[in-house]
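Beneath this line is the structure, given in structure tokens, with notes to follow.
The values are calculated or read from the model by the stated rules, or taken from the named source; none is laboratory data. Given the structure is predicted, the values throughout are model-derived calculations rather than measurements. Virtual Cβ from ideal backbone geometry, glycine too; neighbours counted across all protein chains shown.
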């Protein structure tokens, strides 16, 4: 008996160990993102990598702010302030510590000095990243606003239309329903590429190029996947409630929005979140339809930022972090529905 | 979940606010009467530009809205979409060498009427004022389509300090190709582990391209009449061979690229930090040196040429280079154009005239110098395409210090005989293909292609485009009747169908009819959506696939031409994209399944803290794709000094097994594994599904198995796997459909945003949808793209059907047993 419990302890310790290691592997890129966004450009290419954001240390000497460097004198490390650089590239130094060297002056080549750095995150990467955005975008607020409009309208459209259509498929009998349902399933397999060009031509005809409309308007016409999900959900609701309402003379609309909608709220919450993620993530849509910075959503703006500032990882990672943050916050607030959403999709299997 | 009673009210008010602001946003943009200019970039260093624009606003009272970021410039797809979508800017500042391409598509307005109109005006545009190379580059079929603004040319920069260190004479830089190669070798320094500490010279680092080497060697890419692509001429091929030789002498292009992937910009530019000792680059580099490395001991000389050219032009016996200038440079630069459909062409023309005037150039220089002086930086003017502007600026603003003045003079003196890229409607394609040929030839270890083969391939593609364009007019236009007939047939079918249904309605009882009508009502959004956004487009795209259609001109019936082109001339792309996607799916999907399932099994073990672990593993999968790709491009940087993964690799695998860190997205054979690794990071989303599956397995099955004496492995094989097979199946089907439509990550990680012509090195990340996107929205070959879409559709359909067919053999459904 005791041996069994011992084995169980070892087993669970092992599982924890593997899980912890795995968690580290999955989380390290996040840490790298944050660290990089707070590092100096100089520290971007170091081996081994610099994990602690740091900056050049300075000292106040006779009213001047001077850089600190370290040199070796008499096998001892001496910290010095850089007074100035000579024309030949040498450094004129004055020793600061240890005490017995204090006040001594040296002139050494740049290569003999090491910069003294201390822990100091470069927070300015964040405002700097925003500063590089075109002025008309109001430091990126326009991108956030566009993304919010886009996700808001997509969510409203998807929730209303998909639930209506799903209700029709699940609870109402109408001629052609079965055939339509098969078609609905088939469209899920249709690659978007096939309809991409003609749909572009439709929006062009409507004069909607370079507006957000092509990105959210289709949501109001339902999406096959969500309709399918909600239909499955509607099917699990017993008939009794509906029948009672019918006898009371309720219209189908009343049944739909008074009885059905409250019953499928969990599923709608999941769909809301999935739609939000989809809209937040949408990249190809803006890539095709949007060209003015004032109309760009975040994800696309980030990609453009990358092409412009790929050589400045600090800024780029700061920008990525800012795009990621809202989604991560949302996730922590509504974790349950995220997971529910994924599980729901599994019903299909 | 408890939702407060007030929720609907809150929701409605949010909706109202959203709609309100949205409509407001629309009216605002419609009322806007600003002059919209694309392709100019305001930034930290653009005081001069700002001064020019503000002066124009002051003089004319016209408000100018300068849109940067993605608007036009190096991303032709955006400009094309805007023009096609009838929302073009008023002025576009565009790379000059693409003007021929744009003009040929009728996307820009010819400017001759404007020039003629104000022939006598004091501020008239006079062709003679501009450098010949700049002016000619903006002319297509005898008409002027753009007014050149800036220009640049190229020469060799070298670091004198490094020359001294390497024992080379800093006053005798290389003049010939051979000398360049030998200097490159001597200046290259390796680390103890064999990696580069410094490279002497990288042929295509900086800004030279195969164009320069080819012109130096007397090769031309296009025939005089513009009807034949001559990229595979022996001189250009020899030039490519020379570039390849340098890469090989340095240890191969992959190794060089791995080093180069760590290059940063601005003050950490590798030439400024001494990581590269020589480079061929444009005049703008002098400005960077002035700003970031005022202490750099550097020299600028004309780029080295083949010995033959130098000797023969310098009085040797007359050969093929006789009478030509000894040195070659080429100029590029920008120009202003007015897109077709621009709302305010008059104002646009006034703007253009002002922007290229000497007066504006002086104002620009004055503002920029003041800005630079305030920051203690020297001011080094750029080169204008307008010679008068240039002279005026140089007179007043030539740098005092000889270290900047001498190079600037050299660049300006070379301008009058600078070469320029051929003006042709296949200009972009020619550029793309020349870059591809370079890539293919230098990566000969992977591609097994000689420079000649690579150039032949490129030539064939460009020639195909040329031939097609010259034959286009012969194709019959798709008669509107055909479209009409098809629409009528489809419409009749639909009407008949609906009539039948309505008939059925009539025969129903009252209640049933009421229900049916409600059913149609509720399903209406999807029924309409299906008709408009699915059924209609499917028919249209099928029709388009047999057409030649560029949106701006009426479609022409091309028969099976799109398909034959796809399977013959462009077979390379088709095969490449399909094999790439097969690789990604074939390895990525199983790995994703294994990872997701393993994590789920660990999480299914009953230990504490599960929800925390679950959050950790799930977190990466909710990161927006773009942010994730941007992050991983950094994590998987090929340079171990920068990329996190390679740093780990270098610290462990290299000392243990002697494996060098891979180049990931910088190396052809590692780009796809990189993409898969990035994808695995998001495997957490699958894990939730697996977890649900695992928890759905009845515990009795395990107990029964244990009674039968099954161990852990046997239980997994005989209970877990069969019970999970529906989930595996679901993952396979969805994974395949998803993988075949891979796009976002590839666009970002393959460098497409940067205007690259390749999707990953040697097209290693080219996937079908990427290829389709480029054809549809970059080249606007809608017909061809539709044909490709149908090929893709058929492939997906077949794969799905095969999987469905095979499923009963291995997928185990619990219900069946009952």
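Things to note:
- The stretch A:328-347, residues that are more than 7 Å from chain B (Cβ to nearest Cβ), within 25 Å of residue B:735 (Cβ to Cβ) and either at pLDDT 85 or above or not in a helix (DSSP H, G or I) (or both): A:347
- Identity of the residue in the stretch A:186-209, within 13 Å of residue B:737 (Cβ to Cβ) and more than 8 Å from chain B (Cβ to nearest Cβ), that ends up surrounded by the most Cβ atoms within 10 Å (Cβ to Cβ): A:188
- Any hit, the stretch B:674-689, residues being without any contact (Cβ under 8 Å) to a residue 60 or more places away in the chain and surrounded by fewer than 20 Cβ atoms within 10 Å (Cβ to Cβ): yes
- Selection count, the stretch A:121-139, where residues are outside any helix (DSSP H, G or I) and modelled with pLDDT under 85: 5
- For the stretch A:18-37, a residue qualifies if it is under 18 Å from residue A:311 (Cβ atoms) and more than 9 Å from every other protein chain (Cβ to nearest Cβ), and exactly one does: A:37.
- Test: residue in the stretch B:704-724 that is within 30 Å of residue B:668 (Cβ to Cβ) and either at pLDDT 85 or above or out of contact with any helix residue (DSSP H, G or I) (no Cβ under 8 Å at 6 or more places or on another chain) (or both): no
- Counting only residues that are more than 14 Å from chain B (Cβ to nearest Cβ) and under 19 Å from the mean Cα position of the chain (by Cα), the stretch A:103-142 holds 1 of them.
- Residue ID - farthest from the chain's Cα centre (by Cα), chosen from residues in the stretch A:173-183 that are facing chain B (nearest Cβ under 9 Å) and surrounded by fewer than 22 Cβ atoms within 10 Å (Cβ to Cβ): A:175
- Options A:321, A:308, A:301, A:269: the member that is crowded, with 23+ Cβ neighbours inside 10 Å and assigned by TED's automatic domain parsing to the domain that holds residue A:142: A:301
- Residues within the stretch B:544-557 that are more than 9 Å from chain A (Cβ to nearest Cβ) and out of contact with any strand residue (DSSP E or B) (no Cβ under 8 Å at 6 or more places or on another chain), tallied: 4
- Flag for residue B:155 being more than 14 Å from chain A (Cβ to nearest Cβ), part of a strand (DSSP E or B), crowded, with 18+ Cβ neighbours inside 10 Å and in contact with a helix residue (DSSP H, G or I) (Cβ under 8 Å, 6 or more places away or on another chain): yes
- Which listed residue, of B:645, B:631, is out of contact with any strand residue (DSSP E or B) (no Cβ under 9 Å at 6 or more places or on another chain), more than 7 Å from chain A (Cβ to nearest Cβ) and modelled with pLDDT of 85 or more: B:645
- Verdict on residue A:165 being in contact (Cβ under 8 Å) with a residue 60 or more places away in the chain, out of contact with any strand residue (DSSP E or B) (no Cβ under 9 Å at 6 or more places or on another chain) and in a helix (DSSP H, G or I): yes
- Take the conditions (1) outside any helix (DSSP H, G or I); (2) out of contact with any helix residue (DSSP H, G or I) (no Cβ under 7 Å at 6 or more places or on another chain); (3) within 10 Å of another protein chain (Cβ to nearest Cβ); residue B:734 misses just one of them, which is (1).
- Here the stretch A:280-292 is the region considered, the condition is being in contact (Cβ under 8 Å) with a residue 40 or more places away in the chain and under 20 Å from residue A:321 (Cα atoms), and the residue that is farthest from the chain's Cα centre (by Cα) is A:282.
- A single member of A:267, A:217 is modelled with pLDDT under 90, more than 9 Å from chain B (Cβ to nearest Cβ) and assigned to a helix (DSSP H, G or I), and it is A:267.
- Residue list for the stretch A:28-52, restricted to those being assigned to a helix (DSSP H, G or I) and at pLDDT below 85: A:41, A:42, A:43, A:44
- Single residue of the stretch A:247-262 satisfying the filter (surrounded by 15 or more Cβ atoms within 10 Å (Cβ to Cβ) and more than 9 Å from every other protein chain (Cβ to nearest Cβ)) that is farthest from the chain's Cα centre (by Cα): A:250
- Of the helices (runs of 4 or more DSSP H) lying entirely inside the stretch B:339-453, those carrying at least 3 residues that are at pLDDT 90 or above are B:345-355, B:358-374, B:387-397, B:402-414, B:427-442.
- Screening A:241, A:316, A:229 for residues that are more than 8 Å from chain B (Cβ to nearest Cβ), in a helix (DSSP H, G or I) and in contact (Cβ under 8 Å) with a residue 24 or more places away in the chain leaves exactly one candidate, A:229.
- In this structure, residue B:499 does not satisfy being under 30 Å from residue A:181 (Cβ atoms) and either surrounded by 14 or more Cβ atoms within 10 Å (Cβ to Cβ) or at pLDDT 80 or above (or both).
- Options B:594, B:581, B:575: the member that is at pLDDT 90 or above and buried (at least 21 other Cβ atoms within 10 Å of the Cβ): B:581
- Residues that are modelled with pLDDT under 85 and within 25 Å of residue B:297 (Cα to Cα) were ranked within the stretch A:66-103; the one that is surrounded by the most Cβ atoms within 10 Å (Cβ to Cβ) is A:91.
- Residue among A:55, A:91 that is part of a strand (DSSP E or B), within 14 Å of chain B (Cβ to nearest Cβ) and touching a strand residue (DSSP E or B) at 6+ places or on another chain (Cβ under 7 Å): A:91
- Residues being facing chain A (nearest Cβ under 8 Å) and either touching a helix residue (DSSP H, G or I) at 6+ places or on another chain (Cβ under 6 Å) or over 22 Å from residue A:281 (Cβ atoms) (or both) are represented in the stretch B:587-601 by at least one member.
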